[in-house]
Structure formats: C-alpha cells, structure tokens
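The values are calculated or read from the model by the stated rules, or taken from the named source; none is laboratory data. All values reported here derive from a predicted model rather than from experimental measurement. Heads up, the Cβs are rebuilt from the backbone with ideal geometry, glycines too, and the neighbour counts pull from every protein chain shown. We work out accessible area using only protein heavy atoms, side chains counted, and drop any ligands, DNA or RNA first. Shrake-Rupley method; radii C 1.70, N 1.55, O 1.52, S 1.80 Å.
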Amino acid sequence: MTRTLALLTAAALLAAGCRSKPQATAGMSAAEHAQMPAADTATASDRVPVRLSAEQAGAIGVTYTTVERGPLARALSTVGEVRPAEPNIAEVTTRVDGFVDRMYVDATGVTVRRGQPLLAIYSPMLVSAQQELLTAHRLAAGTDSTDVEAWRSAQALVAAARRRLAYWEISGEQIARLEQSGEVTKTLTLGAPLDGVVLEKMVVQGQSVTAGMKLYRLADLSTVWIEGEVFERDLELVRVGAPVQVTVTAYPGRTFDGRIAFVSPVVDEQSRAGRVRVAVPNAGGLLKPGMYASLVLEASLGRDLLSLPAEAIVMTGQRNLVFVVVAGGALEPREVTLGPRAGNRIVIQDGVRAGERVVASANFLVDAESRLMVGGGMPGMPGMEKQP
C-alpha cells in the first residue's frame, strides 16, 4: 500500500471515529488503538513532523503559502436611511402675531436661496412699533439739545423703539429706510435662512399666526447623513473618519463616498448593535431623504499584522494548528494564537514568524498522518513510521 493511500485511509478512519464509537482498526490491537490521540483533545505535542516527497505532496494536493506581515482591513456591511444633516436644518418662525398676507413659496419640495422671500405677514403690532419709532424721532428732533436730560431721554426712546423692531427680526437696513422715508410698512417679509429645499410648509394664505409658530422647515441637502447599525462585536473596528462606500437602488452601479461622522456611545439592548452616522457629500442632490442605502465600512485591523489564509489553519475546536516547513523539508505542527478575521485571512498573534512557509491545502490529511505517527505509526502501513 502506498503512502498516499495510507494518508487517505487514515483520514477516513478519523472521520469514522467522529461519527461512532471507535473500534479496533484492522492490523492494530485494541491497546495500540487506545494509544492514538483523540481528535478533540489533541495538541501540537500529540503530533510529530511529517515528511512528504514532492510526488506525495502533489498526489494529495498539498500546496504552500507564506506568513505575511502588513496592513489588514475588514469590510463591514450594513444598511441605513438617508436623512438631512441636522446642522443643515432650519425652521422659519415668526416673532410677531399677525396674518399671512402673501405666500411667495407655497409648496414643499421647492428649492430656495438664502435671503429669498418666503412669505409676508401683516401685523398690527409691527405697524404700532414702527409708528412708535417715528414718534420717538419727532420727539428727539424737537428736544432742545441744551437740555441734557431731556435730550438723553429722547435718544433712549429712539434706541428702545429700534431694539423692539430688531427683536422682531427687522433688519438694520429696513429700520434705516423707515427712519429716512417715514413710511410705515404694514407687512413683515420673512426670507430663507439658507440655501436648501422646503421640507415642510405649515401655513396657508390668510392664516393667523402667533409669535414662535413654525412656518417652514428647510434643509440644505448638499451633505446628507445615513445612519446604520453595527454589531457590538465589530464596534471596536469602527473609527470616526473611516471611509464608507454607499450604494442605493436608484442608481445601480454607482458608488458614493462618505466618512463616519459619529459612533453612538450606547448599544441597543435588543439588537446588541450600535448606531453609526455617515456623512456623504450630495452636491447633485441625488441622495434624497427617505432613501435606503447599503453601507460598506472599511475597518482597519492594523498596519503591521501577521496573517495567513484561513484554509491554512487546522481548527480542532480546542487548538489551532499550522504545519510549518522546517529545515530538511519536514512539516512541523505548531500551535498558533488567532486574532480577528479580514476576508479570507486571519491575524496570527503568536506561533509563527513572517516569511515562514506553511501548508495551505490538504492540511487535514497532513494532520491525520502527523497524529497517526505518534507512537510509531500504524502497523502494516509502509511510510508511516515515526520521524526522528
């Protein structure tokens, strides 16, 4: 029987042993079989180095890889909803009581520019305050400047009337024009505080309004937020400023670039996930509030890490082993400590050095022979003798 057949036979015996109670193997006594290490309790010391010729390695499909050192990153995927960026939201309110005299912007979804008129409010309070300012000016003009106290009082009345109008968001230019012309303006025109889109309109033509009432809700959508959730186990990999790739179903094949702007300091008790906020430039307005988006976060694991392909590691459930090519070509079993996974690669925290060659495939067959060779190998199978 060839050595390759012996390896394959050994693998089959191990698989059978996992499915049922071990029986005495043909050609072995019960005592010899009892000396074989069990799969679930074996360690690196229960194995011995294995020697394979090039022909034998090729016959069972053994290939090799090298322990690499370098940066590693893992892609985390989640979904989220497009929302206006909170710092770019503004609500238009009035500080006077009155009635909506004219609507310049009378629908939601309209794009507006900063300072653009939104509506005009007729306010008896505003008319009265303007008249008070004009009256204060006339009193000041008729006051003898030699009477210091009277002159100061007149100037104080003018200043108080100006402040009252300023508190109602009457601009300095409007106040100056009133003082020069002496013509009372019956309406107060409210303008857009920013460039953006009307998200909500809460008033209609002729409606009565009171101080503090919300009239419009605007948002600058040149930058939007997308909020998603990341599982608790992955939160340590998420960093503010990390790049994020965003896709939406409305634009197949197109990717938007964003960055993590915020990581929630709390974890949801039900989902065991933390919220992350991604800021995405949206100059063209393609990303619209309410859209669902897919997020791929590039989470860096480190810049100087040892790693191996996952298939190069034999995971027994209790130990993690690799077979390292040592002097003379022997395959030495070595226990390794694993770190996080990045795609098909796993970080190796201890057990190997950069540049070492290890078995990359068919390592379960190499592992089977390594364990069967403990104690001298399986009697009657050539080539299974224990290596020096």
Which distance in nm do the two modelled labels at residue 66 and residue 107 give, with both placed 7 Å along the Cα-to-Cβ direction? 6.6 nm
Which of the listed residues, 166, 137, 115, is farthest toward the dipole's positive end in the stretch 111-170, when Lys, Arg count +1 and Asp, Glu count -1 at the beta-carbon? 115
So how far apart, in nm, are the two label points at residue 268 and residue 159 if each is 7 Å from Cα heading toward Cβ? 5.6 nm
Cα-based Rg (one decimal) and Dmax (whole number) for the stretch 232-388, in Å? 23.5, 76
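Distances over 20 Å make up what percent of all Cα-Cα pairs in the stretch 117-213?
Percentage above 20 Å: 47.
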Among 187-198, 266-277, what's the highest-first ranking by average C-beta atoms within 10 angstrom per residue? 187-198, 266-277
Counting only other residues whose beta carbon sits under 13 Å from that of residue 66, what net charge do I get with K and R as +1, D and E as -1? +2
Given a 1.4 angstrom probe, what's the average accessible area per residue across the stretch 289-367, in square angstrom? 45 Å²
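Assign unit charges at the C-beta atoms only (+1 for Lys and Arg, -1 for Asp and Glu), then state the dipole size of the stretch 204-325 relative to its Cα centre in Debye, rounded to the nearest 20. Write down the numbers at each step before the final one.
Values: 12 positive and 12 negative charges, 71 e Å.
It works out to roughly 340 debye.
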Expected-Rg normalisation [2.2 N^0.38 Å, Cα atoms] applied to the stretch 88-158: 1.73
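Can you compute the FRET efficiency between residue 354 and residue 194 using 1/(1 + (r/R0)^6), with r the Cβ-Cβ distance and R0 = 41 Å? Round to the nearest 0.05. All intermediate terms of the calculation are to be shown ahead of the outcome.
Working: r = 54 Å, r/R0 = 1.33.
Calculated value: 0.15.
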Around residue 272 (Cβ within 13 Å, Cβ-to-Cβ, excluding residue 272; K/R +1, D/E -1) the net charge comes to -3
Sort 360-366, 81-87 for me by packing, meaning the mean count of neighbouring Cβ atoms within 10 Å per residue, highest on top. 360-366, 81-87
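Where does the charge balance sit around residue 240 when Lys and Arg score +1, Asp and Glu -1, over other residues with C-beta under 10 Å from its C-beta?
+3
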Can you work out the FRET efficiency for the pair residue 250 and residue 114, with r the C-beta to C-beta distance and R0 = 35 Å, to the nearest 0.05? 0.80
Can you figure out the FRET efficiency of residue 240 with residue 169, using R₀ = 41 Å and their beta-carbon distance, to the nearest 0.05? 0.65
So what is log10(I(q)/I(0)) for the stretch 216-295 at q = 0.16, 0.19, 0.25 1/Å, when the Debye sum runs over its Cα atoms only? -0.64, -0.85, -1.19
